[in-house]
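Let me begin by presenting the structure, written as structure tokens, before commenting on it.
The values are calculated or read from the model by the stated rules, or taken from the named source; none is laboratory data. This one's a predicted model, so the numbers in the text were calculated from it and none came from an experiment. Cβ placement follows ideal geometry from the backbone for every residue including glycine, while neighbour counts extend to all protein chains displayed. We work out accessible area using only protein heavy atoms, side chains counted, and drop any ligands, DNA or RNA first. Shrake-Rupley method; radii C 1.70, N 1.55, O 1.52, S 1.80 Å.
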Amino acid sequence: MTMKKQGDLIAMERNKVNNKNHFRRFIAMGGLLACSSVYALDAQFNDALRAANASNIALLDQFQEQMQNDVLGYYPEYWKLNTNLGFQPAAAIISFAQRYPQSAMAEKLAADYVEEKVKLASFAEAKPVLSYVTNPDQAESCAIAQVRAKTGDSLVYAEYKDIWLTTNTQPESCNGLGRMMLSSPLMTTQDRQQRLWGQLRAGQSGQAIATAQALGLNLSLAQLNQIQANPLEYLWNAGKTNDADYAYLIFALGRIADSDLTNALANLPRAVQDTPPAVQQYLYRTVGYVGGTTVMKNGFNRGVLNAFDQSYGYPFSPEEAEIYARQSIRFGAWESLIRAIDAMSVTQKQEDRWQYWLARASEQRSDAASKQAAQQIYRKLAQGDDYHNLLAKDRLGERYNHKAYDEQPSSQDIQRLNQNIHFKRAFTLRDVNAPATYINREWNWAVRQAYLQQDDGLLLAAAKRAHDMGWYDRAIYAADRTTSKHNDTYRYTTPHRSNVSSHSYNAGVDPAWAYGLMRQESRFVTSARSHVGAGGLMQIMPNTAKLIARQMGETYNPAALSEMNTNIRYGTYYLSMIQGQLSGNAVLATAGYNAGPNRARRWQPDGQTIAADQYTESIPLLETRDYVKHVMTNATHYGVVLGQGPQSLEKRMGAIPVRNTP
């Protein structure tokens with residue numbers, strides 16, 4: 001940009017600022033007082049954002065001065081600091097965080113700064129900023145751990161064993177942390193061996209060679225590549241006399257299991273022959289893990305669970321223990337499930353999910369003490385109202401039944417909402433039609449602060465205002481986090497009720513189920529669009545909409561997906577259609593709505609009916625597994641809200657019939 005053009009742009013932006021200043025003075029003098037919040041200087045946010053996107057620091061300087069007393073006034077400075085963030089002095093980040101304490105953008109700026117400094121290996125410069133990062137995601141957490149380790153806190157490694165042993169895709173900061181841990185004296189020979197074998201099992205040649213070197217073991221990349229080309233041939237002629245031989249053997253078996261699970265299971269006896277006990281266990285672990293993570297390709301195989309059972313005795317990583325547990329659940333192998341949960345970390349096994357399954361397994365035992373322990377777990381879980389809590393109620397023979405919660409915020413709560421800077425930023429950003437990422441970040445941060453303080457009154461006030469505005473997704477987000485005061489109108493809202501009820505009944509589906517699905521799909525945002533093109537309240541794919549229109553004898557119109565009534569009509573029709581294709585079972589239809597009916601059908605059992613909670617927990621896609629849990633839980637709550645009487649999640653879910661059973 002030429003100096004003249006830049007000067008013209010600055011002058012043009014200055015005129016905008018001056019015009020808005022004149023408008024604001026007019027408001028202050030009494031004109032259009034009711035509209036003052038609509039076109040105050042806060043509306044400059046979008047102008048300042050455009051300047052930030054153009055890296056126009058001169059304009060951002062002006063906006064920072066003009067907006068300094070406004071609710072969104074910290075954004076120009078945030079954008080300026082975020083320019084070449086890794087080269088900013090730590091003092092500038094700290095100053096921002098101290099002037100805007102516990103704010104959404106101060107948190108983000110500090111977290112991003114630490115990540116940038118770690119990329120530059122400037123660990124000492126990042127250290128002073130660590131205390132301003134209070135809600136890190138996984139990537140940020142790993143970056144913080146690197147800084148702590150590099151600036152003297154070597155004990156931090158003990159907190160990251162799950163990162164150390166994970167072979168799934170991770171953020172680069174976590175991979176870097178794992179590499180740093182190789183040289184730590186806290187990592188024992190057993191730890192290094194477990195990491196090495198996991199990397200070999202996953203086919204991660206380069207990483208495995210680096211880990212092997214930390215063990216004093218020299219592996220040949222050429223040999224690994226040769227094994228990769230024909231692992232079965234290697235397996236049949238493998239040496240079994242030293243640690244390098246065992247490493248190559250694990251690598252070969254992992255490659256066979258990845259390409260041909262049946263062949264790997266068949267060759268396991270030969271592979272384990274004449275190897276030490278720990279190597280035998282890990283060879284079984286290799287086939288169990290690969291088989292358990294390739295269910296989408298290979299289906300469920302009892303041999304995979306047998307391999308996991310044979311591997312017991314060698315330490316489990318957190319991800320291995322969960323896969324072992326899900327395989328055990330699928331086949332109703334209750335003793336295996338108890339062993340899998342016992343192998344989990346302390347944090348894992350205390351999750352509601354695994355406590356529920358520990359109780360499910362324990363009650364299968366014949367002794368009174370195990371059955372009593374199961375009942376104690378159920379009673380503790382039954383205090384909540386989420387998926388595993390509702391299932392626990394059913395195991396106790398109870399029903400979920402209460403008068404719909406209707407706690408309301410007090411006038412003081414509403415006044416505090418008006419004064420709360422975090423919520424004010426969120427509402428203001430929405431008023432000026434800012435990008436959703438900024439709006440949601442401020443809203444979610446405001447909710448988090450209120451939740452941490454267990455301030456139910458403030459959360460209810462925020463939920464009420466958002467709900468009354470038709471901002472249903474944020475109302476739900478706030479109402480979901482109350483601790484002791486709840487309001488089902490906000491948490492399980494029922495917009496478009498007459499449309500949902502009439503179309504649900506016409507399609508022969510329960511409106512509580514339809515609402516439960518809508519809440520999960522779109523949070524009632526009519527304009528919602530997914531990354532794969534699904535649209536509207538019920539997130540219908542265009543090809544699905546075309547099919548529905550054809551079956552209903554209508555002409556397909558792409559605009560119909562955004563029209564509330566048509567979207568609900570199509571969505572309930574499709575839900576009914578796939579329910580009919582999937583044995584009339586709501587869990588199968590819910591899984592099919594998310595992942596496709598054919599997948600839901602393939603996941604049905606071959607031999608005998610299984611309980612729906614077993615089917616759901618063993619769904620191989622995490623997204624679909626969680627989706628089914630959320631939708632069925634939502635439906636149970638909506639059953640209460642819609643006045644359907646005492647609710648049973650287990651009854652809603654039913655049993656999962658054998659595949660192809662009409």
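Summary table
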read-out	value
Per residue accessible area in Å² of the range 277-337, where ligands, DNA and RNA are left out and the probe is 1.4 Å	31
Solvent-accessible area per residue, Å², over the range 102-221 with all protein chains present [probe radius 1.4 Å]	43
Relative contact order (percent, whole number), the chain, Cα cutoff 8 Å, 6+ residue spacing	8
Packing-based ranking, highest mean first, of 95-106, 573-584 given that Cβ atoms within 10 Å are counted	573-584, 95-106
Extreme residue, positive dipole direction of the range 332-396, given options Y387, A359, S345 (C-beta unit charges)	A359
Surface per residue (accessible, 1.4 Å probe) for the range 363-414, Å²	60
Inter-probe distance in nm under a simple model that places probes 7 Å from Cα toward Cβ, at R302 and S484	5.2
Cα gyration tensor category, rounded, prolate or oblate, for the range 345-465 with a/c compared to 1.5	prolate
Long-range amide H partners of I610 with built H, under 5 Å	I656
List V532, V272, ordered by accessible area with a 1.4 Å probe, largest first	V532, V272
Which of I568, I414 is most accessible, then next, and so on - probe 1.4 Å	I414, I568
The chain, helix-only ellipticity at 222 nm - DSSP H runs n ≥ 4, -39,500 (n - 2.57), divided by all residues, nearest 500	-19500 deg cm²/dmol
Total charge dipole magnitude, the range 259-339, about the Cα centre, Cβ charges on Lys, Arg, Asp, Glu only, Debye to nearest 20	180
Kirkwood Rh and Cα Rg combined as Rg/Rh, the range 330-385	0.96
Pairwise FRET efficiency - T526 versus L130, Cβ, R0 = 35 Å, nearest 0.05	0.25
Förster radius 35 Å - calculated FRET efficiency between M469 and Q98 (Cβ-Cβ, nearest 0.05)	0.55
Nearby lysines by direct alpha-carbon distance to K108 (threshold 29 angstrom, same-chain neighbours under 8 apart not counted)	K80, K117, K119, K127, K150, K161, K424, K464
Backbone HN-Hα couplings from phi across the range 607-624 [Karplus 6.51/-1.76/1.60, Hz, Gly and Pro as x]	x, 8, 4, 10, 5, 5, 5, 5, 4, 5, 5, 9, 4, x, 8, 4, 4, 6
Shape category assigned to the range 479-536 from the gyration tensor of Cα positions, a/c cut at 1.5	oblate
Degrees separating the helix 456-468 axis from the principal Cα axis of the chain, which is the longest one	70
Using alpha carbons only: equivalent-ellipsoid semi-axes of the chain, gyration tensor based, whole Å	47, 37, 24
Rounded accessible area of Y387 (nearest 10 Å², 1.4 Å probe)	10
³J(HN,Hα), Karplus 6.51/-1.76/1.60, whole Hz, each residue of the range 561-571, x for Gly, Pro	4, 8, 8, 3, 5, 5, 4, 5, 5, 5, x
Whole-percent carbon and sulfur share, accessible surface of the chain, 1.4 Å	48
Ratio Rg/Rh [Cα only; Rh per Kirkwood] for the range 521-662	0.98
Angle in degrees between helix 436-452 and the longest Cα principal axis of the chain, rounded to the nearest 10	80
Kirkwood Rh (inverse of mean 1/r, distinct Cα pairs), the range 144-231, angstrom	13.6
Selection from S498, A325, A158 lying farthest towards where the dipole of the chain points positive, charges on Cβ	S498
Using alpha-carbon coordinates, inclination of helix 586-595 to the longest axis of the chain, degrees	80
